[in-house]
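Coordinate-derived values only; no laboratory data. Given the structure is predicted, the values throughout are model-derived calculations rather than measurements. FYI the Cβ positions are ideal-geometry reconstructions off the backbone, even for glycines, and counts take in every protein chain you see.
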Amino acid sequence: MRWTGRAARGARPLSCSKMAPFASPLLLLGLLALRTHSCPTTCRCYSMTVECGSLGLKEIPASIPPSTQTVFLQDNGITQIHQQDLAALWGLQYLYMQNNSISALEAGAFRSQQHLLELALNGNRIHLLNSSIFKGLEHLRVLYLAGNQITKLLDSTFCDLQRLQELHLQENSIEILEERALVGLSSLALLDLSKNNLRTISRTALRPLVSLQVLRLTANPWRCDCALHWLAAWIKEEGQRLLSSLDKKIVCSEPPRLAHQSLMDVSGNSLICIPPVVQVEPLGVTARLGDDLRVLCQASGYPQPLVSWRKVAHGRAGPGTGSAKPLGRPAVPGGPRSEERFDADTGSGMLFLTNITVAHAGKYECEASNPGGAARVLFHLTVNLSQPPPPPPPPRAYPAAGDVSQEPLYDMESMDFQALSMATQTAIAVGISLLALVALLLLAMICQKHSKRKKAQKDENVLYVNDYSDGPTTFAQLEEYRDERGHAMFVIDRTKPLFATYKDPEGLAGAFPGLPESLQDQATQTLEGEEEGEREANELFVNQGLAFQPQIAYEIHC
């Protein structure tokens, strides 16, 4: 034993000296590997864990040691996950990347993570999932995808996750769950689809979940029609063990008559659907080579049917289908199937065909389907080969450069102002300006004439008084004159006496025919007596004229 020990102790330097040339390169490689895969800058590393959360990182650090089992990268600004970002982390088991800005996952991004058990991608901007993303995750147990922007789950998206036990898809915008989207999840125990935009879900979609224990479907805008009849019955039977009392409260959003009611409280007779009715007009069209064609397929029903177009194979049309089939009737089972599928706008049901050729000729089938059934209508397209499209019109001819007129030719009776030459356009503009100027002058003349007329009318209402100094005047000496417009003018007649005298008794009797004879005699006597007083009155006015100089007379115009 001691020899052995001595031999061992004595032999040790020999063995070290012999191995020295080989140990030095290995030691250098080890130190280089340790330096290359050291803890990333600003991150915390301990045991098999690397913490890089809330550091504002834009990408996954490249210096994470390969033997790391747990990586925290939450609350950063990472936008993508590439395949090479995680290729070296062969021992990774837990990866937490929630609350980043991840919008794209490269196909095969997790191919090297065969030991990964838990993956957290919740709180990101992921909007599209497919089966190629999860290749290599055969041992994954928990997948967090909540709080993203996922709108649709395609068929076979999770087919490689056969050992997955929890799938969190709540708080997304999922509207469509295809019937084979959950295929392969035979070990799934918890599925959370709450707080999405699901309106319906088929029983076929949940059939692969043979190990399901918890299902959450609340806070979705459910459309309570015949497509959810199975779900109402399932909740009352098998769902009793899968749904909590809160998860059983699946509330209807439509139709309006069932809004805000629990699906469990709605009778089966109220969950109805209206089969589609399809109409295509016209049922046949003859088109020319090179034309473009749009065919509208109108479909009605409840819920709103999905519309698709197919080209029917030659000789495949069954006896119960064709253009002679009544519009809007449900198609006969086993009808014609399609060879060629066309992308159609499911909202408008429009079929678009561009640059029509001979290959486009044939029968097309418009199909509308909803949970209540399906309806099909055939449309026949014929291509006319005898009428090619008209040739393009010849280019317009222009006069030679040596001609007097440089104005381009344009169609007769054309009203296009831009087709005229610059000289013609200028002449038209000058003519329009002159017409406008003449109109303004006419307007000014009319206004001036109107103003003069108003002033003349105003002057005709003035009383003119003329001063005369040839003696007193009374109204008995005024004479009235009228012109052709009816204007009156009073002129003094000096030959008349100052006061009216009536010496003719017959004239008085003629002026007053009903006057008694006694009064006529008295009036005659009065008038005769006035002749004597006339001279006295004249003397009086003369004396007054001497007292009040100058003497005033009046000429009155009305």
Practice problem: Using 0.36 nm per residue of separation minus the Cα-Cα distance, give me the extension gain between Glu138 and Arg453 in nm, one decimal. | Solution: 102.7 nm
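Given a Förster distance of 22 angstrom, what is the FRET efficiency for Gln80 paired with Gln114, based on the Cβ-Cβ distance and rounded to 0.05?
The formula returns an efficiency of 0.50 here.
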Quiz item: Got a sec to turn the phi values of segment 292-308 into Karplus ³J(HN,Hα) couplings, 6.51 cos²θ - 1.76 cosθ + 1.60 with θ = phi - 60°, whole Hz, x for Gly and Pro?
Solution: 10, 9, 10, 10, 9, 10, 9, 10, 10, x, 9, x, 4, x, 8, 10, 9
Practice problem: Sort 238-245, 49-56 for me by packing, meaning the mean count of neighbouring Cβ atoms within 10 Å per residue, highest on top. | Solution: 49-56, 238-245
Quiz prompt | Calculated from backbone phi, Karplus (6.51, -1.76, 1.60) coupling profile of segment 203-214 in Hz, x at Gly/Pro | solution = 5, 4, 5, 8, 5, x, 8, 6, 9, 5, 10, 10
Quiz item: Length gain on complete extension for the stretch Arg125 to Ser156, per 0.36 nm per residue less the alpha carbon to alpha carbon distance?
Solution: 9.0 nm
Quiz item: Residue separation times 0.36 nm, minus the C-alpha to C-alpha distance between Thr495 and Ile176: what's the value?
Solution: 102.7 nm
Practice problem: Give a residue-ordered list of calculated ³J(HN,Hα) values for segment 73-78 (Karplus: 6.51 cos²θ - 1.76 cosθ + 1.60, θ = phi - 60°; whole Hz; x for Gly, Pro). | Solution: 10, 6, 6, 10, x, 5
Exercise. For each pair in Lys152/Lys363; Lys58/Lys135; Lys454/Lys496; Lys152/Lys311, compute the distance between the two Cα atoms and list the pairs where it is over 29 Å.
Key: Lys152/Lys363; Lys454/Lys496
